[in-house]
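Written out below as structure tokens is the structure these notes cover.
Readers should treat all values here as calculations from the given coordinates under stated rules, not as data from a laboratory. Small disclaimer: the values here were computed from a predicted structure and weren't measured. Note: ideal-geometry Cβ built from the backbone for every residue, glycine included; neighbour counts use all protein chains shown.
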């Protein structure tokens, strides 16, 4: 887990590690399930005590697949079939990144592999386990990210910050709990503190599901309207609202770009916009492989549209807050510039938080700063 400052440790839960030199008694069955591509929710319940192990193997091998495939492919003359590659990834991940003894990782992976693959899995994994050091061809391969993500972060953050961020997002994320028991990353908790609402405010959370920020704001304001286009995620928000006994939170299923509200009614609007999620790649193992470079531009356009639509809903003197769980210029300062060109009557507010970096008039936090998600936020007041 990330190292947190002493004053934050009371709110953070350690992500459990797999004990060193302890071999799971059901490891072969677990690996078989991994190799067959089964969803963790459908694994034999008798293995549930070892869910940490399967989670680490599945998420880790997914996250580090570029690195693992480069290591594996050095010993292959042709690309392997899918199931064989899955076996090799599962075994190589344990050897290179986990504290499972190499001989145990090889043995369990071989036992879990199909009969026709056992000999090649055994041979390749033993070769990998005997390597004293991996001489990576480049940093991208070592870190296990698509090249475009590395280049984008270097361009926007500088080489030092970019590589520190990429390294940090290959670690298990911390888990933090609010005072009311809701699990939410500390950076997200800080956002609802920074934006500064009052007990008299009527608030719109424009892209609210599953309700982390909306439920936090509901404890601070008169009423919160939680709007989101995703009906299934609204169900999860309803559960969260019910569990927290929040009677002043109203849910509305709607696209924020055409939200069914009267003009000039809200005191404060939060647009926690859909984004590339490049600041939370440690939480979503497959995100780095699903998102494409062109998506960043499309998501930035969506963010501008959502912010543009929200301005008409603000009262004169009302406050508009914008946050994203990414750190690229295209989805932060470039969006801000476009919005301010569209609405010169939006007055930027200079934000401050002792743990966040300055970015223009807004704030940004990187995963390596305090072991949180990477996030950016900005805020304006609508001129009277």
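At a glance:
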{"read-out": "Among [x] 21.6, 69; [y] 19.6, 60; [z] 23.2, 75, the entry derived from the coordinates for Rg and Dmax of the Cα atoms in Å", "value": "[z]"}
{"read-out": "Contour minus Cα-Cα distance for residue 315 and residue 219 (0.36 nm per residue)", "value": "32.4 nm"}
{"read-out": "Fluctuation leader among 107, 310, 262 - the chain, Gaussian network, Cα springs under 10 angstrom", "value": "262"}
{"read-out": "Candidates 258, 323, 276: whichever shows maximal mean-square fluctuation once the chain is modelled as a Gaussian network with Cα springs under 10 Å", "value": "258"}
{"read-out": "Simple label model, 7 Å out from Cα along Cβ direction - residue 102 to residue 180, nm", "value": "5.2 nm"}
{"read-out": "Pairwise FRET efficiency - residue 82 versus residue 198, Cβ, R0 = 51 Å, nearest 0.05", "value": "0.35"}
{"read-out": "Euclidean distance between Cα centres, region 367-383 to region 292-366, Å", "value": "10 Å"}
{"read-out": "Gain on full stretching of the segment that runs from residue 334 to residue 253 - 0.36 nm per residue minus C-alpha separation", "value": "26.3 nm"}
{"read-out": "Calculated FRET value between residue 357 and residue 111, using beta carbons and R₀ = 45 Å, to 0.05", "value": "0.35"}
{"read-out": "Angle in degrees between helix 51-63 and the longest Cα principal axis of the chain, rounded to the nearest 10", "value": "80 degrees"}
{"read-out": "Shape call, region 175-382: gyration tensor on alpha carbons, a/c limit 1.5", "value": "rounded"}
{"read-out": "Rounded to 5, percent antiparallel among DSSP beta bridges of the chain", "value": "50 percent"}
{"read-out": "Peptides 339-349, 372-382, 186-196 ordered by average Cβ neighbours within 10 Å, highest first", "value": "372-382, 186-196, 339-349"}
{"read-out": "Helix 82-97 axis, angle to the chain major axis (alpha carbon atoms, nearest 10°)", "value": "80 degrees"}
